[in-house]
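Please read the structure below before turning to the comments.
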Amino acid sequence: MKKTRQQNTANQTGKQNAKNRRDVWYKLDLSAIVYPTLQRRDFSSVYRLSVVLKEPVDPVLLQQALDMTLPRFPTYKVAIRKGLFWRYLEPNSRPGPYVGKDIKNPCMPMPFKGNNRYLIRVYYYGRRISLEAHHCLGDGTGGMCLLQTLTAVYLGLLGHPVRPEGFVLDIASSPDPEELEDAYMRYANAQVCPPRPADKTYRVRGTKEPFYTLNIIDGVMSVREVMAVAKGYGATVTEYLNAALLYALLQKQKQEFHIRLRPVRIAMPVNLRRFFPSKTLRNFITMVYPFIDPRLGDYTFEEIVEQTHNYMRYYINVKFLRGDITTNASTQRNPLIRIVPLFIKDFVVRTFYTRVQDKNSSAGLTNMGALHVPEDMKPHIERFDIYMGQPFSSRTNCAVISFEDTLTINFASSIAEADVERYFFRKLVQDGIHVKIESNRERN
């Protein structure tokens with residue numbers, strides 16, 4: 001009889017624990033709401049982060065490290081679900097995700113029901129470890145935290161222990177509640193909602209590549225050289241690289257036949273953690289749009305740098321960014337919008353993005369800045385890479401990251417022509433920067 005009672009108690013406890021696991025779910029953060037809406041057969045909002053080690057990767061140990069690391073990141077060990085009014089993330093206890101050998105074309109579409117419903121992939125090739133994540137889970141900061149922690153655990157299994165610090169978290173510790181928060185809603189408290197840019201911009205024309213083809217062009221250079229050149233123009237590295245991309249887009253537009261010129265504008269994510277204290281590993285970015293309008297006349301490169309510099313100084317500050325967050329949050333807080341069925345929300349958001357938002361920029365550029373790793377990791381790492389992933393429409397995306405004295409600029413494009421990338425890197429070389437080019441494109 002006593003044994004039966006113990007069995008009943010154990011069964012009840014097991015059922016309660018299972019119920020508790022099912023009750024844990026995460027509402028999509030303010031940015032993440034948009035990404036699943038844009039999902040289609042040939043497009044997913046997927047980005048890639050990579051670390052290049054100094055020794056070849058052991059896939060067996062990497063899988064073991066992934067199995068040990070992922071439970072520490074509950075908002076990444078999830079599956080996406082669809083409700084009547086909103087999508088949400090729920091814990092995923094299915095087997096996986098499994099480490100795989102890398103593929104030629106990264107950031108491929110990520111079906112929500114594939115890969116045992118996991119929204120991350122981990123690849124290896126030679127000395128490289130790559131993490132791909134769907135943007136509904138988090139931004140590059142959260143993804144980098146996962147990648148560095150995974151790398152630290154992997155190095156520990158190789159016999160090179162790494163003490164938790166910075167982006168490397170202690171996998172034996174419990175997540176800080178702040179890591180799981182939607183930080184947007186905490187800071188969306190401005191008294192005005194600034195408008196968004198509405199002008200149509202120049203769009204790069206080109207030959208669309210076949211389905212599942214992503215063209216990658218990497219430029220590897222010295223941080224010191226880039227900083228010296230940027231300083232010579234009176235700009236930061238980010239301002240200088242934005243100016244170089246604006247210059248490249250202007251050159252591309254000039255070489256094409258056009259009835260009228262249009263402004264060239266870059267969509268640039270800003271990491272809000274720099275301005276609003278938060279430990280969140282989810283999305284916490286907003287967009288700014290440095291631009292040049294050639295209808296006002298010809299611009300020298302120095303003028304482009306100056307305008308980019310002034311734009312950044314004017315818009316990237318706590319007050320403007322808080323207003324931008326508040327604008328984004330206003331629709332989610334609207335009680336009428338809350339009760340609109342999800343399929344109607346999807347239709348409205350998709351239509352707005354396709355007809356308005358996606359046409360507001362000519363290219364994308366993100367700069368993750370200088371990465372710091374624990375001292376124990378430094379001897380084992382050569383460099384990092386970041387890719388914004390496949391563009392929603394025909395254009396190129398540019399991502400920048402640096403480690404020690406190595407700065408990498410990674411272009412990802414779904415069109416065959418590489419004119420923008422050529423103008424961009426040519427300008428850097430003309431300014432005295434030594435650039436090593438790598439690519440997954442076939443040589444003609």
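What follows draws every value from the coordinates through simple rules; no lab data is involved. Note that this is a predicted model, so its numbers are computed, not measured. In this analysis, Cβ positions are derived from the backbone assuming ideal geometry, glycine residues included, and neighbour counts consider all displayed protein chains.
Take the cross-link list Lys104/Lys252; Lys319/Lys359; Lys27/Lys345; Lys378/Lys436 and give me the ones stretching past 18 Å between alpha-carbons.
In this structure, Lys104/Lys252; Lys319/Lys359; Lys378/Lys436 lie more than 18 Å apart at Cα.
When a/c is below 1.5 the answer is rounded, else prolate if a/b is larger than b/c, else oblate, so apply that to the stretch 12-135 with a ≥ b ≥ c taken from the square roots of the Cα gyration tensor eigenvalues. Oblate, since a/c reaches 1.5 and b/c is not below a/b.
In loop segments of the stretch 232-341 as defined by DSSP, the GluC sites (Glu not before Pro) with at most 12 further C-beta atoms inside 10 Å of their C-beta are Glu256.
Does the stretch 155-271 come out rounded, prolate or oblate by the C-alpha gyration tensor, with a ≥ b ≥ c the root eigenvalues, rounded set by a/c under 1.5 and, if not, prolate when a/b is larger than b/c and oblate if not? Here the stretch 155-271 falls in the prolate category. With contributions of -39500 (n - 2.57) from each DSSP H run of at least four residues, the per-residue ellipticity at 222 nm computed over the chain stands at -10500 deg cm²/dmol. Around the Cα centre of the chain, unit charges on the Cβ atoms of Lys, Arg, Asp and Glu (plus for the first two, minus for the last two) sum to a dipole of about 2040 debye.
Which angle between 0 and 90 degrees, to the nearest 10, do you get for helix 342-355 versus the longest principal axis of the chain when only C-alpha atoms count? Tilt relative to the chain: about 20 degrees.
Calculate the tail of P(r) for the stretch 309-411: the fraction of all Cα-Cα distances greater than 15 Å, expressed in %.
Beyond 15 Å sits 77 percent of the P(r) for the stretch 309-411.
Compactness of the stretch 181-247 is given as radius of gyration and Dmax, 19.0, 47 Å, from Cα positions. All distinct Cα pairs of the chain go into the 1/r average, and the inverse of that average, the Kirkwood radius, is 23.2 Å. Under the convention that each Lys and Arg Cβ holds +1 and each Asp and Glu Cβ holds -1, the size of the dipole of the stretch 282-373 around its Cα centre is about 740 debye. To test your reading of the geometry: what angle, between 0 and 90 degrees and rounded to tens, separates the Cα axis of helix 140-157 from the longest principal axis of the chain? Roughly 60 degrees, rounded to the nearest 10. In the stretch 88-136, Cα pairs under 8 Å separated by at least six residues give a relative contact order of 36 percent. Rounded to the nearest 10 degrees, the inclination of helix 419-430 to the longest alpha-carbon principal axis of the chain is 70 degrees. DSSP beta bridges confined to the chain are antiparallel in about 85 percent of cases.
Sparsely packed loop sites in the stretch 226-295 (the chymotrypsin sites (Phe, Trp or Tyr not before Pro) outside DSSP H, G, I, E and B with at most 11 other Cβ atoms within 10 Å) comprise Phe257. Ordering 167-179, 68-80 by mean Cβ neighbour count within 10 Å, with the highest value first, yields 68-80, 167-179. When each of the peptides 156-166, 208-218, 131-141, 402-412 is scored by the mean number of other C-beta atoms lying within 10 Å of its residues, the order from highest to lowest reads 131-141, 402-412, 208-218, 156-166. How would the stretch 122-169 be classified by its alpha-carbon gyration tensor: rounded, prolate or oblate, with rounded meaning a/c under 1.5 and the a/b versus b/c comparison settling the rest? The shape class here is oblate.
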